[in-house]
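Colleague: Got a structure for you, written out below as structure tokens; questions coming shortly.
The values are calculated or read from the model by the stated rules, or taken from the named source; none is laboratory data. Here the structure is a predicted model, which is why all the values come from computation and not from measurement. Methodologically, a virtual Cβ is constructed for each residue, glycine included, from the backbone with ideal geometry; neighbour enumeration extends over all protein chains shown.
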Amino acid sequence: MSQDCTKPSSFTKLTAECFDKSLARSLVCTVDSLRDLYTSFGLRPYLVRIIRTKWSGGRRGAGQESVYREMLLEPTPRVMDLDGLTEILQPVGLDEVGGINVDQISGRYSEDELKGAIPDGDPIDKDENVFYEIEFPQPDGRPNIRRRFLLRSAPFYEADNYQWGVRLERSHEDRSRQGEPR
């Protein structure tokens, strides 16, 4: 007996509760444990953070900038490559421009968190900055190299890969190697 496809059927309707209890969501922690092996083996020799700063003058760029929140993304996501960055000679020296992709960001994070919003989802205040920072530890013990990136587009979730991905654009206000805003 064949089913009549002209009549509506009862397909699954996705709700937040249904999604949260899905098989794919239940596997996120397992996949995260496997991804952490890349870091354990030294194959992801960098740290990826979302940094929030506040300006003392009441608006971006006014007064002194200070870091008030750092969120380390764990397990370490994959930085696709730095080939998207180009060095351009400027009057003050070499400057990097361009963009990169970062994926394999844990499915445990929310879109709001990856945009740098505080947990209640409120927008970024006019006296705050949010940026991604990729820090490259130096094996010889010298201070680490830090590069600042801005979110170029909305984070995208790939449920079948248990991951988020982001596109980042190089920014020019890197923190010092000690982590202080400049």
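Colleague: Can you confirm whether GLY116 is exposed (fewer than 15 other Cβ atoms within 10 Å of the Cβ) and among the small types (Gly, Ala, Ser)? First the steps, then the outcome.
Modeller: Values: exposed (fewer than 15 other Cβ atoms within 10 Å of the Cβ): no; among the small types (Gly, Ala, Ser): yes.
No: the conditions fail for GLY116.
Colleague: If you check ARG152, ARG142, ARG147, which single one turns out to be modelled with pLDDT under 90 and exposed (fewer than 15 other Cβ atoms within 10 Å of the Cβ)?
Modeller: Numbers: ARG152 fails: modelled with pLDDT under 90; ARG147 fails: exposed (fewer than 15 other Cβ atoms within 10 Å of the Cβ).
Unique residue meeting the criteria: ARG142.
Colleague: Just the residues that are part of a loop (DSSP other than H, G, I, E, B) and touching a residue at least 40 places away in the same chain (Cβ under 8 Å), please, taken from the stretch 145-158.
Modeller: Result: ARG152, ALA154, PRO155.
Colleague: Considering each of VAL130, VAL97 in turn, give the residue that is of a type in the set (Val, Ile, Thr), at pLDDT 90 or above and assigned to a strand (DSSP E or B).
Modeller: Exactly one of VAL130, VAL97 is of a type in the set (Val, Ile, Thr), at pLDDT 90 or above and assigned to a strand (DSSP E or B), namely VAL130.
Colleague: With respect to TYR38, is the statement that it is modelled with pLDDT of 90 or more, aromatic (Phe, Trp, Tyr) and either surrounded by 10 or more Cβ atoms within 10 Å (Cβ to Cβ) or under 25 Å from the mean Cα position of the chain (by Cα) (or both) true?
Modeller: Against the criterion (modelled with pLDDT of 90 or more, aromatic (Phe, Trp, Tyr) and either surrounded by 10 or more Cβ atoms within 10 Å (Cβ to Cβ) or under 25 Å from the mean Cα position of the chain (by Cα) (or both)), TYR38 qualifies.
Colleague: Please go through the stretch 97-113 and pick out each residue that is among the polar types (S, T, N, Q) and surrounded by fewer than 17 Cβ atoms within 10 Å (Cβ to Cβ).
Modeller: Matches in the stretch 97-113: ASN101, SER110.
Colleague: Moving on. Tell me, please, whether a residue that is over 30 Å from LEU34 (Cα atoms) and touching a strand residue (DSSP E or B) at 6+ places or on another chain (Cβ under 9 Å) can be found in the stretch 148-164.
Modeller: First pass over the stretch 148-164, keeping only residues over 30 Å from LEU34 (Cα atoms): none.
Within the stretch 148-164 (the criterion being over 30 Å from LEU34 (Cα atoms) and touching a strand residue (DSSP E or B) at 6+ places or on another chain (Cβ under 9 Å)), the answer is no, since none of the residues qualifies.
Colleague: Let me ask something additional. Please go through the stretch 12-57 and give me each residue that is assigned to a helix (DSSP H, G or I) and in contact with a Ser or Thr (Cβ under 6 Å, 6 or more places away or on another chain), ordered by number.
Modeller: ASP32, THR39
Colleague: Among the candidates GLU173, GLU133, which residue alone is under 16 Å from ILE50 (Cβ atoms), in contact with a strand residue (DSSP E or B) (Cβ under 9 Å, 6 or more places away or on another chain), among the acidic types (Asp, Glu) and surrounded by 19 or more Cβ atoms within 10 Å (Cβ to Cβ)? Talk me through it step by step, then tell me what you get.
Modeller: Details: GLU173 fails: surrounded by 19 or more Cβ atoms within 10 Å (Cβ to Cβ).
Being under 16 Å from ILE50 (Cβ atoms), in contact with a strand residue (DSSP E or B) (Cβ under 9 Å, 6 or more places away or on another chain), among the acidic types (Asp, Glu) and surrounded by 19 or more Cβ atoms within 10 Å (Cβ to Cβ) holds for just one of GLU173, GLU133, which is GLU133.
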